[in-house]
Amino acid sequence: MNKILIVDDLHPAFKEQAIAMGYEVDDEPQITRQQTLDKIKDYTGIAVRTKFRIDAEIFAAAPNLKFVARAGAGLDNIDDKIAFERNIELINAPEGNCDAVGEHATGLLLSLMNNFRRADMEIRNGVWDREGNRGYELKGKKVGIIGYGFMGQSFAKKLAGFEVDVMAYDKYKTGFSDAFAREVSMEEIVKHSDVLSLHIPLTAETKQMVDDEYFFHFKKPIFFINTARGEIVNTPAVLNAIKSGKILGAGLDVLQTEKFPALGEQVWYDELKNNEKVILTPHVGGWTFDSYRKISEVLAEKLSGLSF
């Protein structure tokens, strides 16, 4: 019998549907990496969210592995080169959390444009400053989206009611203009954008792609949103762009270094946490109570389409 090892916290829908397909499923969300290495040889598939990287060591210990199910959008914590060489199927579920990401990005943008964080803190500290907290309206603004996959499309759809001009650039796609965004060149993005939002995967090409030079080319001050991957963006460059006026506000759900204590040890952390023009969330853009279930349902559906 084909066996699946779940090593992370997945909604029960995945396990239930996999069992219905005839799989034997061991659901062990508390399992350690070492324990996984000790027993993965007996499994056909492994399901993971973010606990650890499925790398050469894991693959070497899993001679019978036929698929890896990633409960999330990206595949950057899986060594896809080895998987390809061994003909191991990789399935993920961007369809399951794209709505969550689109809504989160919209929330960050509205919060930045209307000074929600600063206004809330001031009132709690006895300050009533209407003039200092005047915001901007989205209507009529030009929103630049980098990457027009599931996440970029979701963000564009969420913006549809705000009467904005949504421009999208995707290096790997053409002819994708739709009712929610128009395909443009990168030159148009940097020339016209009032808002910039990233929706691209982390790859060798995109790692630290957004740096001082990247922001230098933008012609207007922008609101900057990153709900993609933190390592795409150089954090000191964001802080520099805020100081220079290139960035009016930054909403960051992801950072190039995440979790404590590592985050607190970064030389830029104090400046970041004390900057009132920055809103931070702990990589939860795609992690809602709803997406928790939908991701597992999407994975199960894709699992049903695999053939060995």
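Summary table below
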{"item": "Answer from 47, 71 - the residue that is of a type in the set (A, V, I, L, M) and closer than 30 Å to residue 160 by Cβ", "result": "71"}
{"item": "Meets criteria (more than 30 Å from residue 147 (Cα to Cα), of a type in the set (A, V, I, L, M) and not assigned by the TED database to the domain that holds residue 202) for residue 65", "result": "yes"}
{"item": "Subset of segment 229-251 [open to solvent by 40 Å² or more (accessible area, probe 1.4 Å) and over 16 Å from residue 198 (Cβ atoms)]", "result": "236, 240, 243, 244, 248"}
{"item": "Residue within segment 252-260 that is more than 30 Å from residue 44 (Cα to Cα), in contact with a Lys or Arg (Cβ under 7 Å, 6 or more places away or on another chain) and open to solvent by less than 10 Å² (accessible area, probe 1.4 Å) present", "result": "yes"}
{"item": "Residue in segment 212-220 that is at pLDDT 95 or above, surrounded by fewer than 20 Cβ atoms within 10 Å (Cβ to Cβ) and under 15 Å from the mean Cα position of the chain (by Cα) present", "result": "no"}
{"item": "In segment 1-39, the residues that are open to solvent by less than 70 Å² (accessible area, probe 1.4 Å), within 24 Å of residue 287 (Cβ to Cβ) and polar (S, T, N, Q)", "result": "32, 36"}
{"item": "Filter result for the condition that a residue is touching a residue at least 60 places away in the same chain (Cβ under 8 Å) and surrounded by fewer than 20 Cβ atoms within 10 Å (Cβ to Cβ), over 130, 117, 134, 124", "result": "117"}
{"item": "Filter pass, residue 105 being assigned to a strand (DSSP E or B) and under 26 Å from residue 253 (Cα atoms)", "result": "no"}
{"item": "Residues of segment 179-208 that turn out to be in a loop (DSSP other than H, G, I, E, B) and more than 18 Å from residue 251 (Cβ to Cβ), as a count", "result": "13"}
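The values are calculated or read from the model by the stated rules, or taken from the named source; none is laboratory data. As the structure is a prediction and not an experimental result, all values here were calculated from the model. Note that each Cβ is placed from the backbone with ideal geometry, even for glycine, and that neighbours are counted across all protein chains shown. To get the accessible areas, we keep the full protein, side chains included, count just its heavy atoms, and leave off ligands, DNA and RNA. Shrake-Rupley method; radii C 1.70, N 1.55, O 1.52, S 1.80 Å.
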